[in-house]
Amino acid sequence: MARKPKEEWKTYEGIFDKFTVRTLFELSGAGFFDALESPIALGKEANIFTAIKGKERVCVKVYRLETCDFNRMYEYIRTDPRYAELKHHRRKIIFAWAQREFRNLLKAREAGVRCPTPIKYKNNVLVMEFIGEQKPYPLLKDLPPDNPKQFFNIMIEEMRKMHKNNIVHGDLSEYNILNMNNKPVIIDFSHATQLKNPEAKMLFERDINNICRFFRKLGLKIKEDDIKKKIAKS
Ligand SMILES: Nc1ncnc2c1ncn2[C@@H]1O[C@H](COP(=O)(O)OP(=O)(O)O)[C@@H](O)[C@H]1O
Ligand SMILES: [Mg+2]
């Protein structure tokens, strides 16, 4: 598919503010995708789309500038040591949010974690690998695995890789794991942080707790302390 001519981008102005339309136009002009295809999800602070790139698809996450719950986002990023100096500067914080997700994904991919490969971020827009075929793979909450034990074991290994490489996901649950043919792909690294964040321990424990709770419901017998030890050993 050819890239959209400039006038056609104007149709997005009903969906996004002008600044975001320009950012999408620039990313497309730089060849990161041809055009947005269809909306996947309308999240709390971002809209997620598939986009066409030649014969392939990418995933485009657009953090909303206008309606996003800024104060809540600020509270979450405030304690991350990498962003300690940020003040209440609205746009900058939203840009930092997109950048942080990009950096977290990059770090997780470098650690071999099963997650989307980040491709580019600019302002409030993040472009990443699309995890799906025609449609995105279903969320774990909507499609439990055929073999819970096997899936759970892969999850432990993924969490171990993250921990070893100083990444705490921070929002890990069946809502942020895709079931890709019975193997997990972890998404939504917007809350992820480093172990030195004063909140990391709490987030790490909550992540483990969420995953154990979900797999217990599927019938697994799990000792959470053992799992924690397994994950925290390098
Ligand atoms: N890289 C991706 N490939 C395919 N689908 C994705 C991808 N990233 C997100 N999604 C889909 O979009 C939804 C919302 O994305 P997520 O990053 O979890 O945003 P939110 O912050 O709104 O929870 C996910 O539940 C998933 O269905
Ligand atoms: Mg999510």
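Here are some notes:
- Computed packing ranks the peptides 207-214, 123-130 as 123-130, 207-214, most packed first, by mean other Cβ atoms within 10 Å.
- Surface composition of the stretch 140-199: carbon plus sulfur atoms contribute 46% of the solvent-accessible area (1.4 Å probe, protein chains only, all chains present).
- Listed by chain and number, the lysines placed with their C-alpha closer than 28 angstrom to that of residue 229 are 107, 141, 149, 161, 164, 183, 196, 201, 217, 221; residues fewer than eight positions away on the same chain are left out.
- What the Cα atoms of the stretch 17-143 give is an Rg and a Dmax of 14.8, 42 Å.
- Ellipticity estimate at 222 nm from DSSP helix runs (n ≥ 4, -39,500 (n - 2.57)) divided over the chain, nearest 500: -12000 deg cm²/dmol
- Accessible area expressed per residue, the chain, with surrounding protein chains retained (probe 1.4 Å, Å²): 51
- Counting every pair of alpha carbons in the chain, the share spaced more than 30 Å apart comes to 27 percent.
- Using the Cβ-Cβ distance between residue 109 and residue 13 with R0 = 25 Å, the FRET efficiency computed as 1/(1 + (r/R0)^6) comes to roughly 0.15.
- For the stretch 175-214, diffusion coefficient by Stokes-Einstein and Kirkwood Rh (Cα), 20 °C, 1.002 mPa s, µm²/s: 187
The values are calculated or read from the model by the stated rules, or taken from the named source; none is laboratory data. Predicted, not measured: the structure shown is a model, and the values here were computed from it. Neighbour counts are summed over all protein chains in view; Cβ atoms, including those assigned to glycine, are modelled from backbone coordinates with ideal geometry. All accessible areas refer to the heavy atoms of the entire protein, side chains included, with ligands and DNA or RNA removed. Shrake-Rupley method; radii C 1.70, N 1.55, O 1.52, S 1.80 Å.
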